[in-house]
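Beneath this line is the structure, given in structure tokens, with notes to follow.
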Amino acid sequence: MASIDRKGSAPVLVLDEAEYTILTAVCQGALPATHRRARPLRKAGILDEDGPTPECAPILEGLSTARRRFAGAVMHAGGGRQTESWIGEERVTGVLIEGDAFRLHEVDPCDTPSLTLPLLDLRPRESIDFGHLMLPGEVVELIDRGDVDRLESVFARIAADTDRGGAPGAPDGPSPLTVSFAQRTWVVSVLQCIDRADEDWEMSDIVATLSVPECLYELAYDDTRGEAITRLAPISSLAVWTRISSWFFPRR
């Protein structure tokens, strides 16, 4: 699959997962560019024997110099998408993951936050606290696995089990949350800040949110009661953006 897409205003590298893993290892010095596993990348003109080719070096500078990266995923009924941003000293390598394809492109550092916007539904809203409604613990596990189909099924079941004919907002009636589950208008976002410590990468912060048209929640796994649940904590879009805004700068 390794190729260079030159159809747009700037070249884009197109790789499969294995090629992306190999390219990452080469750019970060864990694998020589001359290694046999890097041959498809050399054949495609992405690497030469010394590393990234002159055409691809600007795209891969972020990947080569990053000590911080941002990973984001969005899930909604019927699909989702993932991105990564390798935040280098001078440039950022943006990665859009579409199915089996990893598309790498150069990003101006000032544009890095814009890569996150498609992953969020942060329209200003009043947060609503439905203290009587907790989600099963498996919700966080399904999000971790990226199992959108199963997640959609669980949300539909919660809506059916919760709405038993009561008044809107009552424990046995509909709420904006359960209506969104039934109408499939929910969006789950998982945003991670990952920093390099010596030779290893360690997650330094994570925010998982569930948004529906009327409200926004932070999701947290809770097993302190002897039964695992996914806790819903009302949160504002401003609070989420304030928390993640510091992630888009190089780690010093």
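The values are calculated or read from the model by the stated rules, or taken from the named source; none is laboratory data. Treat the numbers as computed from the prediction; the structure is a model and nothing was measured. Every residue, glycine as well, gets a Cβ built from its backbone with ideal geometry; the counts of neighbours run over all protein chains shown. Areas reflect the complete protein model, heavy atoms only, side chains present, ligands, DNA and RNA absent. Shrake-Rupley method; radii C 1.70, N 1.55, O 1.52, S 1.80 Å.
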Query raised in the report: Hey, any idea what % of the chain's accessible area is carbon plus sulfur with a 1.4 Å probe?
Result: 49 percent
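By its C-alpha gyration tensor, with a ≥ b ≥ c as the square roots of the eigenvalues, how is the chain shaped: rounded for a/c under 1.5, else prolate for a/b larger than b/c, else oblate?
Numbers: a/c = 2.46, a/b = 2.26, b/c = 1.09.
The shape class here is prolate.
Taking the highest mean first, how do the peptides 176-184, 144-152 order by number of other beta carbon atoms within 10 angstrom per residue? Mind showing how you got there, number by number?
On the way: 176-184: 18.8, 144-152: 14.8.
Final packing ranking: 176-184, 144-152.
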Query raised in the report: Tell me, what HN-Hα J-couplings in whole Hz come from the Karplus equation 6.51 cos²θ - 1.76 cosθ + 1.60 at θ = phi - 60° for each residue of the stretch 65-81, using x for Gly and Pro?
Result: 10, 5, 10, 8, 9, 10, 10, x, 9, 10, 10, 8, 4, x, x, x, 7
Query raised in the report: How much length is gained if the chain between ARG243 and ARG150 is pulled fully straight, taking 0.36 nm per residue apart and subtracting their Cα-Cα distance, in nm to one decimal?
Result: 30.5 nm
Query raised in the report: Mind listing the phi-derived Karplus ³J(HN,Hα) values for the stretch 215-221, rounded to whole Hz, using 6.51, -1.76 and 1.60 with θ = phi - 60°, and x for any glycine or proline?
Result: 7, 9, 9, 9, 9, 9, 7
Report summary line: Here, the stretch 191-232 modelled as identical Cα point scatterers in vacuum has Debye log10 I(q)/I(0) at q = 0.18, 0.30, 0.34 Å⁻¹ of -0.70, -0.96, -1.06
Report task. With θ set to phi - 60°, apply the Karplus curve 6.51 cos²θ - 1.76 cosθ + 1.60 along the stretch 148-154 and write out the HN-Hα couplings as whole Hz, x wherever there is a Gly or Pro. Result -> 5, 4, 5, 4, 4, 5, 5
Report summary line: Taking alpha-carbon centroids only, the stretch 147-194 lies from the stretch 12-32 a number of Å equal to 39 Å
**Report entry** Under 5 Å, built H, 5+ apart or other chain: amide partners of TRP186
**Finding:** ALA77
Report task. For a quick protection proxy, order the peptides 55-64, 26-35 by their average other-Cβ count within 10 Å, most packed first. Result -> 55-64, 26-35
**Report entry** Paramagnetic reach from LYS43 in the stretch 1-37 [backbone N under 14 Å; point 7 Å along Cα→Cβ]
**Finding:** 1-4, 16, 19, 36-37
Query - Degrees, to the nearest 10: 17-27 long Cα axis against longest axis of the chain - result: 50 degrees
Report summary line: Highest mean packing first, using Cβ neighbours within 10 angstrom, the peptides 237-244, 99-106 sort as 99-106, 237-244
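Using the heavy atoms of the protein chains and a 1.4 angstrom probe, tell me the accessible area per residue for the chain in square angstrom. Display every interim value, and only then the final one.
Working: 12620 Å² over 252 residues.
Per-residue value: 50 Å².
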